[in-house]
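Working notes, beginning with the structure itself.
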Amino acid sequence: MILSDMHVHSAFCDGVDTPKELCEQAIKLNVQNLGILAHSYVDFDPVGTLSIDNTQNFIDTVNELKKEYKGKLNVYCGVELDGMSNISTTPFDYVIGSLHYVEKDGKVFTFDNGESLFVNGVNDVFNGDYYAFCERYYEMLTNFILDKKPDIIGHLDLVTKYNYDNKYFNTSDIRYQNAVKKAVDKMLKLNIYFEVNYSQVIKGAKKMPYPEKWITDYILRKGGKVLSTSDAHKKENIGKF
Ligand SMILES: [Zn+2]
Ligand SMILES: [Zn+2]
């Protein structure tokens, strides 16, 4: 069996370890394909992203490792392109397309970096209507994915990050399910991978990966492709799925 983990972050963005340390760990674990990637630069929220100045350094570093580990480990240099980022993806081997912010009427907030930012954002921008927030997210995600055509769609239902036990919205609600299915139906036409992202399971925050099982089942039933990843931010978490 070939073990691949195509979603691993290094200290070049918000991860802990150097790309070389990630490679060493991958070899220990018998991982054959390792995708080291960085969050794309977002000008209004640059913390934890790959700075423009450091982009070439990151690419050169990972490309050196490809040569160094040739025959032992296949190393790929990727980018986790945010839907609100403007960078060129040309120099990267592959792209994971992810959306970590929602925008409406010129107001932007993140729903991925603390529960209070998420709740305050939905209150301020959507008058506390979580279904309207989700509909906007899936609409933005679909437009972004159809436009940029990445290789992989990252953590499809990231909007559920703080929605433990349906605390803010019910994912069985027809309004939510329709928004998801409409987005998936459009994205399926691209024949790209939907990521099954274990980051919150590895952290112990959730029992199941993104997206919820009914969504993965829906994707598979419709003939879509899925790919499991760790979204590891430290080497110990590589391949934990
Ligand atoms: Zn992400
Ligand atoms: Zn990530």
Fill in the blank from the handout: Of (1) surrounded by 15 or more Cβ atoms within 10 Å (Cβ to Cβ); (2) at pLDDT below 95, LYS203 satisfies every one except (1)
Problem - Meets criteria (in contact with a helix residue (DSSP H, G or I) (Cβ under 7 Å, 6 or more places away or on another chain) and surrounded by fewer than 20 Cβ atoms within 10 Å (Cβ to Cβ)) for PHE194 - result: no
Problem - Residue in region 25-50 that is surrounded by the most Cβ atoms within 10 Å (Cβ to Cβ), counting only those that are more than 15 Å from ligand 2 (Cβ to nearest atom), closer than 12 Å to ILE238 by Cα and in contact (Cβ under 8 Å) with a residue 60 or more places away in the chain - result: ALA26
Exercise for the section: Kindly list, by first and then second residue, each pair from a residue in region 219-241 that is more than 9 Å from TYR198 (Cβ to Cβ) to a residue that is aromatic (Phe, Trp, Tyr) and surrounded by 18 or more Cβ atoms within 10 Å (Cβ to Cβ), limited to pairs with Cβ atoms under 6 Å and residues at least 6 apart or on different chains. Expected result: ILE219/PHE194; GLY224/PHE194; LYS225/TYR193; VAL226/PHE194; LEU227/TYR193
Exercise for the section: Among the residues of region 51-77, write down those that are more than 27 Å from LEU29 (Cα to Cα) and crowded, with 16+ Cβ neighbours inside 10 Å. Expected result: THR55
Exercise for the section: Mind listing just one residue for me: the one in region 113-136 that is touching a strand residue (DSSP E or B) at 6+ places or on another chain (Cβ under 8 Å) and within 16 Å of ligand 1 (Cβ to nearest atom) and, of those, farthest from ALA179 (Cα to Cα)? Expected result: LEU117
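The values are calculated or read from the model by the stated rules, or taken from the named source; none is laboratory data. A quick note: this is a predicted structure, and the numbers were derived from the prediction, not measured. Note that we place each Cβ from the backbone using ideal geometry, even for glycine, and neighbour counts take in every protein chain shown.
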